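The values are calculated or read from the model by the stated rules, or taken from the named source; none is laboratory data. From a predicted model like this one, the values you see are computed outputs, not experimental measurements. Backbone-built Cβ (ideal geometry, glycine too); neighbour counts: all protein chains shown. Just so you know, the surface numbers come from the protein's heavy atoms only, side chains and all, with ligands and any DNA or RNA stripped out. Shrake-Rupley method; radii C 1.70, N 1.55, O 1.52, S 1.80 Å.
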Amino acid sequence: MNVGIDIEEVERFVKYAKDKSYLERIFSKEEIAYSIPKKNVSQHLAVRFAAKEAVWKALSAKNKKLFITDISIKNDKNGRPQVYIKNIKYKKIDISLSHTRKYAAAVAIAF
Ligand SMILES: CC(C)(COP(=O)(O)OP(=O)(O)OC[C@H]1O[C@@H](n2cnc3c(N)ncnc32)[C@H](O)[C@@H]1OP(=O)(O)O)[C@@H](O)C(=O)NCCC(=O)NCCS
């Protein structure tokens, strides 16, 4: 079992939310489509970035060729976040996300 954790300052993502080319470089289409219509767009982006980093930390011991941009977070019908790697659901990991006005945090446990 491997754990990964990350925390991001939401403020950093306020300007990224307006930068289409940055968004498309870092986030998947699904992550952008989920976050942009929301009231607290920068929080949803920040927590997705934190989730990618947490997943990368949890999986890096197993997969040296994994890039942050290979990882995408999609919420299921209950709102629970799920990990996709290169568009395929990765089942051997669990993540949990939380965000406030200032901080966004994510934990990943790979098994
Ligand atoms: C899901 C819930 C726990 C989120 O808690 P919160 O304090 O409002 O918000 P947080 O910042 O800690 O967490 C938000 C993240 O939780 C995650 N989440 C949402 N629904 C989830 C679920 N069913 N299971 C696991 N994670 C979930 C999402 O990743 C969300 O972030 P995102 O929308 O950017 O993807 C809460 O909104 C909720 O609906 N609770 C269940 C309803 C309930 O029992 N209410 C009574 C309380 S007295």
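Computed values, structure above
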| item | result |
| --- | --- |
| Whole-Hz couplings from phi, Karplus 6.51/-1.76/1.60, listed for the stretch 20-30; x for Gly and Pro | 4, 5, 5, 3, 6, 6, 9, 10, 6, 4, 5 |
| Carbon and sulfur %, accessible surface of the stretch 2-110 computed with the full protein complex present, 1.4 Å | 54 percent |
| Heavy-atom SASA rank of Lys57, Lys52 (probe 1.4 Å, accessible area, largest first) | Lys57, Lys52 |
| Ranking by accessible area, most exposed first, for Glu9, Glu30 with a 1.4 Å probe | Glu9, Glu30 |
| Solvent-accessible ranking of Tyr90, Tyr22, largest area first, probe 1.4 Å | Tyr90, Tyr22 |
| Lys/Arg +1, Asp/Glu -1 at C-beta; the chain dipole; positive extreme among Val107, Ile71, Phe49 | Ile71 |
| Net dipole in debye of the chain [+1 Lys, Arg Cβ; -1 Asp, Glu Cβ; about Cα centre; nearest 20] | 240 debye |
| Charge sum, other residues only, whose C-beta stays under 12 Å from Trp56's C-beta, Lys/Arg counted +1 and Asp/Glu -1 | +2 |
| For Ile7, solvent-accessible area (1.4 Å; no DNA, RNA or ligand), Å² | 110 Å² |
| Accessible surface, the chain, averaged per residue in Å² (probe 1.4 Å) | 62 Å² |
| Crossing angle, helix 41-59 versus the chain [Cα axis fit, 0-90 degrees, rounded to tens] | 20 degrees |
| Area of Phe111 that stays accessible when all protein chains are in place (1.4 Å probe, Å², to 10) | 120 Å² |
